[in-house]
Amino acid sequence: MAPWFWYALVAAVLYGAHQIFTKLAADRIGEGLGGFVVEATAALSILLYLAFLWLANRWDQRSTSEGVSYSVLTGFFLLFQKGGPLSSVPAILAGGAAIMAIAGILFFHEPPSWRRLLGVALAIGGLFLLRK
């Protein structure tokens, strides 16, 4: 198995837990304040990590204005506030994965294997199944 697989697995579990907690919080806090609390908590955790890197002389963080701009363009509270079910998140994530796979093929010249194309087709099909 590729070394990144375990990181991906942990990331999937944490992201799933994140959506569950967001759903639980959505009826108990406004979307603006809830989003702020989530992001502020994440920002504080990252700030502590960056402070550790700086203090341990292990700073290897770089940035460009483009990188900062793309980082700004990212957001789930409103989905749940408007009555979106938690069960819709996997299809939404699959749709995002399909967009990433298509972008990978078209813009980053990743090989269009039959597995990727099947995944894109299934993800897009899953999004259409959400419609009522």
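Read-outs throughout are calculated quantities, based only on the coordinates presented, and are distinct from any laboratory measurement. Just so it is clear, the model here is predicted, and its values are computed rather than measured. Cβ sites come from the backbone with ideal geometry, for glycine too, and all protein chains shown count toward neighbours.
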*In nm, to one decimal, how far is the modelled label at ALA42 from the one at SER88, with both set 7 Å along Cα→Cβ?*
2.0 nm
*Report the label-to-label distance for GLU66 and LEU50 in nanometres (one decimal), using points 7 Å from each Cα along the Cα→Cβ vector.*
2.1 nm
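Highest mean first, what order results for 91-99, 53-61 on Cβ atoms within 10 Å?
Values: 91-99: 16.1, 53-61: 9.0.
Sorting 91-99, 53-61 by mean packing, highest first, produces 91-99, 53-61.
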*Under the Karplus relation 6.51 cos²θ - 1.76 cosθ + 1.60, θ = phi - 60°, what is the ordered set of whole-Hz ³J(HN,Hα) values for region 25-39, x standing for Gly and Pro?*
7, 4, 7, 10, 7, x, 4, x, 5, x, x, 5, 4, 4, 6
*asked:* Just to be sure I understand, if you calculate Cα extents along the principal axes in Å for this structure, which of (1) 39, 38, 27; (2) 38, 30, 29; (3) 49, 43, 31 do you get?
replied: (3)
